[in-house]
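The values are calculated or read from the model by the stated rules, or taken from the named source; none is laboratory data. A quick note: this is a predicted structure, and the numbers were derived from the prediction, not measured. Please note: Cβ atoms are built from the backbone with ideal geometry, for glycine as well, and neighbour counts cover all protein chains shown. Heavy atoms of the whole protein, side chains included, go into the accessibility calculation; ligands, DNA and RNA do not. Shrake-Rupley method; radii C 1.70, N 1.55, O 1.52, S 1.80 Å.
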Amino acid sequence: MNDDEAIALAIAEAQAAGARGEVPVGAALLSACGELLARDGNRTVERRDPTAHAEMLVLRAAAGKLGNERLTGTTLYVSLEPCAMCAGAISMARVARLVFAAEDPKGGAVLHGPRFFEQPTCHHRPEIARAGDAEEAGSVLRAFFQARRT
């Protein structure tokens, strides 16, 4: 599975999250050999859990599946630039690559805000890449929030 196919899974999870009334962010995690380990979308409302971001759910599911908190060699695909909490978890899990579609100037922590992986206190820095249709990923979010404002 290539980056664009995997990010399409994350965007599909984002759309499913939005349909559930969650902020539409989705994630998918692939092993070093390209096996899909986990995929999910935000579930903070459903679970009444502020940490139930798509990235966190996928990291937890994959760690359980592999029986290891270290997810070395994996690639995490996310529809939106991760926040600081998720960036910290990505670092702690030792994810090898992080690929995301849309930037998040307001809440993102990779290219924006604290730029988590650039901090000297960051113990592991994944390779960062962009893939997929950033406009499509962003439009899912814009439509979700616009519908709630009307």
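What the table shows:
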{"quantity": "Complete set of residues in segment 111-131 that are part of a loop (DSSP other than H, G, I, E, B), of a type outside the set (A, V, I, L, M, F, W, C) and either open to solvent by less than 20 Å² (accessible area, probe 1.4 Å) or within 15 Å of R97 (Cα to Cα) (or both)", "calculated": "H123, H124, R125, P126"}
{"quantity": "Checking V23 against (1) within 16 Å of V140 (Cβ to Cβ); (2) open to solvent by 30 Å² or more (accessible area, probe 1.4 Å); (3) in contact with a Pro (Cβ under 9 Å, 6 or more places away or on another chain), the condition it does not meet", "calculated": "(3)"}
{"quantity": "Selected residue (only one of A84, A12 is free of Cβ contacts under 8 Å to residues at least 40 places away in the same chain, touching a helix residue (DSSP H, G or I) at 6+ places or on another chain (Cβ under 8 Å), small (G, A, S) and open to solvent by 10 Å² or more (accessible area, probe 1.4 Å))", "calculated": "A84"}
{"quantity": "Unmet requirement for R70, which otherwise passes all of (1) in a loop (DSSP other than H, G, I, E, B); (2) touching a helix residue (DSSP H, G or I) at 6+ places or on another chain (Cβ under 7 Å); (3) under 23 Å from N2 (Cα atoms)", "calculated": "(2)"}
{"quantity": "Candidate set from segment 96-110 (those that are more than 17 Å from D40 (Cα to Cα), modelled with pLDDT of 95 or more and of a type outside the set (G, A, S)); member that is least open to solvent (accessible area, probe 1.4 Å)", "calculated": "V110"}
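Residue-by-condition table, conditions (1) open to solvent by 80 Å² or more (accessible area, probe 1.4 Å); (2) modelled with pLDDT of 95 or more:
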position	(1), (2)
M1	yes, no
D4	yes, no
A16	no, yes
S31	no, yes
N42	no, yes
R48	yes, yes
